[in-house]
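The values are calculated or read from the model by the stated rules, or taken from the named source; none is laboratory data. Computed from a predicted model, the values in this text were never measured in an experiment. Here the Cβ positions follow ideal geometry from the backbone for every residue, glycine too, while neighbour counts run over all protein chains shown.
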C-alpha cells in the first residue's frame, strides 16, 4: 500500500484554532472532529536492523484497545509530499516478525535480516489526535489530523510539538493533494515537508541519548 500524505509542522505560537475552526479545506467540506488517543512505540533491534532494511516499525495502540503493527519505508518518493510504502495489520500480543501474517510482503525480509534478534522498544510518540474527513459528493477523499505530539524515551519526556497531516484516501488522487497544498500555502503560509513527526522525534531521542552518555561520563570522571 502507498501512503500519500502532506505534513505541516506548526511553528511556535501558531493559533491552532485557525485549524480546528475550519469548515472546509480547498473547497472540500470537513466532517466533525473526532478525538483519538494514540500511543506509538517504535521498535528496533540492538543492531538497528530495521533501519538497515530502510523501514520503521511501530506498535500502535489506539484509545487503549486496538493494537496495530505498522511497517513503513523510511524514504519518500514524493518530494515535499510524503509517498511511502506502508503495511499495517492488527495483532494480539506478539509483535515479532515471525508472528506477522504470511501474506505480508516484507515479512521474509525482516525474518532474514533480524536472524532471531528481537524487536524491542526504542522510543514512544504519544498523541492526542483531532481527526476530520475531507468530503466530496458524500464520500471521504482525505483525512486531516491535528496531532498534539509528546516524545518519550525510557520513561523520560523529551519534547512536545504539533503537526498537521492530511492523507489521501485514494493515493492516486494527486489533483486533490495539489489543491490542498495550494490552500495551505495561501491560507496559512504552511509548506508540506516530506518527514516531520518521526524525524523530529528521532532527532530528540538521539540528542537525549548522547547527552545521557556525556552526563554519565562526567559523573564517572568527577
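Points to keep in mind about this one:
- Residue in the range 43-58 that is out of contact with any helix residue (DSSP H, G or I) (no Cβ under 6 Å at 6 or more places or on another chain), part of a loop (DSSP other than H, G, I, E, B), at pLDDT 95 or above and under 16 Å from residue 127 (Cβ atoms) present: no
- From the options 142, 194, 204, residue that is in a loop (DSSP other than H, G, I, E, B), closer than 30 Å to residue 20 by Cβ and in contact with a strand residue (DSSP E or B) (Cβ under 7 Å, 6 or more places away or on another chain): 194
- Check on residue 191, under 24 Å from residue 2 (Cα atoms), at pLDDT below 95 and either within 15 Å of the chain's Cα centre (by Cα) or surrounded by fewer than 17 Cβ atoms within 10 Å (Cβ to Cβ) (or both): yes
- A single entry from 75, 99, 80 fulfils the requirement of being under 18 Å from residue 194 (Cα atoms) and without any contact (Cβ under 8 Å) to a residue 24 or more places away in the chain: 75.
- Test for residue 50: is it crowded, with 18+ Cβ neighbours inside 10 Å and at negative phi: yes
- In the range 179-186, the count of residues that are at pLDDT 95 or above, touching a helix residue (DSSP H, G or I) at 6+ places or on another chain (Cβ under 8 Å) and outside any loop (DSSP other than H, G, I, E, B) is zero.
- Here residue 183 meets the list (1) under 20 Å from the mean Cα position of the chain (by Cα); (2) closer than 18 Å to residue 8 by Cβ; (3) crowded, with 18+ Cβ neighbours inside 10 Å almost entirely, failing just condition (1).
- Members of the range 104-120 found to be surrounded by 13 or more Cβ atoms within 10 Å (Cβ to Cβ), touching a residue at least 60 places away in the same chain (Cβ under 8 Å) and not in a loop (DSSP other than H, G, I, E, B), listed by number: 110, 113, 114
- Among the candidates 11, 101, 29, residue that is under 30 Å from residue 183 (Cβ atoms) and either at pLDDT below 95 or in a loop (DSSP other than H, G, I, E, B) (or both): 11
- The lone criterion from (1) buried (at least 18 other Cβ atoms within 10 Å of the Cβ); (2) in a strand (DSSP E or B) left unmet by residue 88 is number (1).
- Of 73, 108, all but one fail to be more than 28 Å from residue 174 (Cβ to Cβ) and out of contact with any helix residue (DSSP H, G or I) (no Cβ under 7 Å at 6 or more places or on another chain); the exception is 108.
- Subset tally (residues that are part of a strand (DSSP E or B) and either in contact (Cβ under 8 Å) with a residue 60 or more places away in the chain or on the phi > 0 side of the Ramachandran plot (or both)) for the range 60-72: 1
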